[in-house]
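Heads up, the thing below is written out as structure tokens.
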Amino acid sequence: MTRNHRFLFHLGRTVATPGALDAMQRAGVLPLTLLVRHQCGDWGELDAEDRAANDRAVSEGTRILSAYQVGPNREKLWVITEWDRSATTILCPNEY
């Protein structure tokens, strides 16, 4: 988890899908934990190319996607902030 607590962008309205809420509850992870990691530039389980794309998205105003694995089963969750920073959604990849 990131130690940088400087927020890089606005999240807008924050929501989570039912599947993501279930996964976080099973893993004992609070939604706020993932939102802070995302907003501080801890992109989670992304390759170098996707990390660089997110870094550019912060300054260019395009969509930002982070990917995290939670709990003992390492369930995948995505956090997506829309290009206009109007909303951020926590979801399971199969709910996209």
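So here's what we get for this one:
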item	result
Residue-wise HN-Hα coupling along region 6-16, computed from phi with Karplus coefficients 6.51, -1.76, 1.60 (Hz; x: Gly, Pro)	8, 6, 8, 7, 7, 8, x, 5, 9, 9, 9
Spatial separation of Cα centroids for region 66-82 and region 16-64, in angstrom	7 Å
Per residue, in Å², the accessible surface of the chain once ligands and nucleic acids are set aside, probe 1.4 Å	60 Å²
Around T88: net Lys/Arg minus Asp/Glu count, Cβ-Cβ under 11 Å	+2
Carbon/sulfur fraction of accessible area - the chain, other protein chains in place, 1.4 Å, %	51 percent
Using a Förster distance of 30 Å, the FRET efficiency for D22-S59 (Cβ separation, nearest 0.05)	0.30
Degrees, to the nearest 10: 48-60 long Cα axis against longest axis of the chain	60 degrees
For peptides 37-47, 51-61, sequence by mean Cβ density within 10 Å, most packed first	37-47, 51-61
Computed [θ] at 222 nm, helices only, for the chain once each DSSP H run of length n ≥ 4 contributes -39500 (n - 2.57)	-10000 deg cm²/dmol
Gyration tensor (alpha-carbon) shape descriptor, the chain, a/c threshold 1.5	prolate
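The values are calculated or read from the model by the stated rules, or taken from the named source; none is laboratory data. As the structure is a computational prediction, the values presented were derived from the model and not from experiment. For neighbour counting, all protein chains shown are included, and Cβ atoms are generated from backbone atoms with ideal geometry for every residue, glycine included. For accessibility, only protein heavy atoms count, side chains too; no ligands or nucleic acids. Shrake-Rupley method; radii C 1.70, N 1.55, O 1.52, S 1.80 Å.
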